[in-house]
Amino acid sequence: KAFGNKDAFAAYVQQNAQAVRELAQFGSGIGTLPEMVSGLERGGLLSRGPKAAGKAIGGLPGKAVGALGEVAPAFGRQFQTFLDVAKIELWKARRESTPREQWPQEIEAIEHMLLGSRMESIGVPAGQALLERMLLLAPSYYRGGVNLIAGLAEKGAPGSVYRQGIGSYVVGATATFLAAALAAKLSEDEIKERLNPSNPKFLMVPVKVGGTKMEAGFGGIVRSYVRLAGDMAETSIDHPEDWKSLAPDKNPVSKWLRAHAAPVPKAAFDAFTGRDFMGKETDVFSLGKGVLP
């Protein structure tokens with residue numbers, strides 16, 4: 001509904017006004033685009049660009065040109081609505097069983113469960129926030145993942161949110177992987193290897209796409225952190241000398257940072273090394289494509 005109807009979310013908010021007020025009171029970002037897709041706001045480059053391109057082509061009907069410029073804001077509106085409805089429904093389900101003095105922590109836990117963390121509202125200095133946004137693809141998303149894992153040890157209602165979120169992810173992801181692995185007729189030994197976080201094929205299953213074998217499986221920042229921990233453990237046990245190097249093919253932290261860098265520092269790294277993250281040689285055209293939306 002939200003993709004095609006600008007008023008769909010507003011109507012939903014009216015039906016849940018009390019829950020929305022409570023969330024907003026304690027810093028939840030209801031009604032605003034998440035940081036990682038904030039460029040899709042109406043009037044931004046991604047909404048003005050298609051309109052300008054359509055006019056430059058010439059001969060396109062006015063409705064077609066207007067429709068081009070509506071796609072980006074509509075997608076952003078859909079993305080924001082999906083997450084906001086999730087926050088509101090989670091809060092409605094938990095507010096009655098949460099002591100009022102724990103409401104701020106509970107709402108913060110719900111934000112983190114949905115992998116969000118608004119840097120300004122938690123007191124991150126403006127300069128630090130800007131630097132993080134320049135260096136990393138979506139720093140609030142990464143913060144949300146860290147806080148979700150760190151919150152596992154919290155007591156009370158907020159801690160149960162973190163444990164429920166992580167527990168559901170671990171059980172669901174593992175069960176889905178095992179079902180897919182059995183359907184793909186992987187051997188027992190291969191399944192065990194793919195349950196090892198230090199294995200690049202962790203929770204991945206081989207599939208054929210157009211005659212080409214590819215690895216498919218769960219993504220997301222939680223899996224990324226588990227893989228990083230597995231890589232760090234393997235390096236410390238089997239190749240401790242690699243910690244002396246900053247090269248991504250040896251140092252797991254450097255490898256992780258390069259994979260999650262923002263477009264500009266990523267392009268600079270590729271230009272300096274002459275190869276991209278996948279090991280392919282880079283040129284002017286590939287570097288240019290790396291910074292495009």
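The values are calculated or read from the model by the stated rules, or taken from the named source; none is laboratory data. As the structure is a computational prediction, the values presented were derived from the model and not from experiment. Ideal geometry is used to build each Cβ from the backbone, glycine not excepted, and the neighbour counts take in all protein chains shown. Quick note on the areas: whole protein, heavy atoms, side chains included, nothing else; ligands and nucleic acids left out. Shrake-Rupley method; radii C 1.70, N 1.55, O 1.52, S 1.80 Å.
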**OP:** Could you tell me whether region 25-48 includes any residue that is out of contact with any Ser or Thr (no Cβ under 8 Å at 6 or more places or on another chain), at pLDDT 80 or above, open to solvent by 60 Å² or more (accessible area, probe 1.4 Å) and not in a loop (DSSP other than H, G, I, E, B)?
**Re:** yes
**OP:** Can you run down the residue pairs with Cβ atoms below 6 Å, 6 or more apart or on separate chains, where the first is in region 228-243 and in a helix (DSSP H, G or I) and aliphatic (A, V, I, L, M) and the partner is surrounded by 14 or more Cβ atoms within 10 Å (Cβ to Cβ) and at pLDDT below 95?
**Re:** L228/W256; M232/P252
**OP:** Starting from residues that are under 24 Å from G145 (Cα atoms) and among the basic types (K, R), keep the ones in region 205-232 and report whichever is surrounded by the most Cβ atoms within 10 Å (Cβ to Cβ).
**Re:** R227
**OP:** State which residue pairs qualify: first residue among the charged types (D, E, K, R) and inside region 9-29, second residue part of a helix (DSSP H, G or I) in any location, beta carbons under 8 Å apart, and separation of 6 or more residues or different chains.
**Re:** E22/W91; E22/R95; E22/W103; E22/I107
**OP:** Take region 151-179 and flag every residue that is in contact (Cβ under 8 Å) with a residue 12 or more places away in the chain and either over 19 Å from I110 (Cα atoms) or among the aliphatic types (A, V, I, L, M) (or both).
**Re:** L152, A157, V161, I166, A173, T174, T176, F177, L178
Original post:
If T235 satisfies every condition in (1) more than 23 Å from the chain's Cα centre (by Cα); (2) open to solvent by 70 Å² or more (accessible area, probe 1.4 Å); (3) within 30 Å of N147 (Cα to Cα); (4) of a type outside the set (G, A, S) but one, which is the exception?
Top reply: (2)
Original post:
If a residue has to be over 23 Å from V146 (Cβ atoms) and assigned to a loop (DSSP other than H, G, I, E, B) to count, how many in region 169-198 make the cut?
Top reply: 5
Original post:
Given the residues E188, E215, which is the only one that is touching a strand residue (DSSP E or B) at 6+ places or on another chain (Cβ under 6 Å) and not hydroxyl-bearing (S, T, Y)?
Top reply: E215
**OP:** Could you please let me know if V65 is in a helix (DSSP H, G or I) and at pLDDT 75 or above?
**Re:** no
Original post:
Which condition number in (1) at pLDDT 90 or above; (2) in contact with a helix residue (DSSP H, G or I) (Cβ under 6 Å, 6 or more places away or on another chain) is the one that G167 fails?
Top reply: (2)
Original post:
Restricting attention to region 244-257, which residues are assigned to a helix (DSSP H, G or I) and open to solvent by less than 30 Å² (accessible area, probe 1.4 Å)?
Top reply: P252, S254
